[in-house]
Amino acid sequence: MSSHLMETPLITASELIQSSIEILQKQGQTDKTALDSLRLAQKVLQGLDPYLDASSTEGPKGLKALIEETDKHDYDTAYKNKQLSFPVSAKWSAGAYEGNFIAMIAKAIKAKRVLEVGMFTGTTTLAVADVLPKEGGKIIALELDAYLRELANPFFERAGVKERVDVRIGKAMDSIQEMIKAKEDPFDLIFIDADKGAYQQYYDVIMDNGLLRKGGVLLVDNVLYKASPFVPELQQATPEQLKTAIQFENGKALAAFNKFVRQDDRVDVTILPVRDGVSWIQYKG
Ligand SMILES: C[S@@+](CC[C@H](N)C(=O)[O-])C[C@H]1O[C@@H](n2cnc3c(N)ncnc32)[C@H](O)[C@@H]1O
């Protein structure tokens, strides 16, 4: 997905600056130096992600077509027909930049077994599957709605990765419990990117049941949720200040989650300011 669709701390800051420019202009303020500085600051904030996209690997064969479909797909009709559980937005996709970033980590740690919690249209799934070994490589992707698996499957097939992708439909927590019951092998890499309010539960069930192998990597998306975990005042922002509504419950849950992981002796953690924030959590040992 193209970066203009993303919602990130940078976009939050950019919207606040835009709002200031509009207020100053309405008041007839004409201080060119001040307005030019604000516009430059906005260019910095808006320009970074497109620059990162343009300067980074495009990804495997077939990813572009899936991203184009993700961007233009008619999710509203599927939601009206009850094929989707939520009103879905193309913004949910991690896009090429982040998908490739995760795939490069999978490749660097020579991951064979990968778990993705929350697949959406499968752009990250496809990018990761592409770098997994042909012998024994597997990404298990958990997703609520079968509709999304049907959307993604032809693209997995065309990209030549279908045999390395196993999409399991239903509540992610139920699928995880089934894996534990079936004593499935632990994962080398896990990417959590589903319902933000349940991150702590996913983390606990993964870490307490040996789903991540020792030395394995857990990546968690949206840990800087539009800046709300570290700028609680955003809860009070008006629609004029911020065009994008921030679900503050998610911000609070992620602030608590980040704090918890930081003090968990079982892991090392670094939060990377990639898009909406990605935690790189490494299981010690
Ligand atoms: C942000 S999107 C995932 C994006 C995807 N990982 C990517 O890299 O493009 C979150 C997905 O999680 C799914 N989801 C939300 N709650 C879920 C749950 N309880 N169980 C399984 N999937 C869930 C949603 O349907 C949605 O497709």
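Just a few scattered comments:
- Between Lys82 and Glu22, the modelled labels are 3.9 nm apart [label points 7 Å from Cα along Cα→Cβ].
- Taking label positions 7 Å along the Cα-Cβ direction at both Lys61 and Asp36, the computed distance is 5.1 nm, reported to one decimal.
- Projecting the Cα atoms of Gln27, Ala78, Ile281 onto the charge dipole of the chain, computed from C-beta unit charges around the Cα centre, puts Ile281 farthest toward the positive end.
- Sorting the segments 39-50, 120-131 by their mean number of nearby beta carbons within 10 angstrom, highest to lowest, gives 120-131, 39-50.
- Computed label-point distance, nm, for sites Lys91 and Glu233 using a 7 Å Cα→Cβ extension: 2.2 nm
- Per-residue Cβ neighbour counts within 10 Å put Ser56, Ser228, Ser19 in the sequence Ser56, Ser19, Ser228, beginning with the fewest.
- 17 Å reach of a label modelled at Glu240, 7 Å along Cα-to-Cβ, counting backbone N of the range 18-38: 18-29
- Nearest 10 degrees, 0 to 90: helix 32-54 Cα axis against the chain principal axis: 20 degrees
- Charge dipole magnitude, Cβ of K and R +1, D and E -1 - the chain, Cα centre, debye nearest 20: 500 debye
- Structure-based [θ]222 nm, the chain - -39500 (n - 2.57) summed over DSSP H runs of at least 4, per residue, nearest 500: -14000 deg cm²/dmol
- Counting only Cα atoms, the size of the chain along its three principal axes is 67, 43, 38 Å, in decreasing order.
- Tensor-based shape of the range 70-214 (alpha-carbon gyration tensor, a/c under 1.5 rounded, otherwise prolate or oblate): oblate
- Crossing angle, helix 146-158 versus the chain [Cα axis fit, 0-90 degrees, rounded to tens]: 80 degrees
- Relative to its Kirkwood radius, the Cα radius of gyration of the range 171-285 gives an Rg/Rh of 1.02.
- Crossing angle, helix 9-26 versus the chain [Cα axis fit, 0-90 degrees, rounded to tens]: 20 degrees
- Per residue, the Cα convex hull of the range 1-89 amounts to 134 Å³.
- When each of Lys64/Lys162; Lys43/Lys110; Lys110/Lys226; Lys82/Lys171; Lys72/Lys110 is checked by Cα-Cα distance, pairs over 27 Å: Lys43/Lys110; Lys110/Lys226; Lys72/Lys110
- All C-alpha pair distances within the range 102-143, sorted into 10 Å bins from zero, spread as 33, 58, 9 percent across the bins.
- Over the chain, relative contact order from alpha-carbon pairs under 8 Å, at least 6 apart, %: 19 percent
- Ranking of Tyr75, Tyr51, Tyr225, Tyr97 by neighbouring Cβ atoms within 10 Å, starting from the fewest: Tyr51, Tyr75, Tyr97, Tyr225.
Every number here is computed from the coordinates shown, using simple stated rules; none is lab data. Quick caveat: nothing in here was measured; it's all calculated off a predicted structure. Cβ atoms come from the backbone with ideal geometry, glycine included; neighbour counts cover every protein chain shown.
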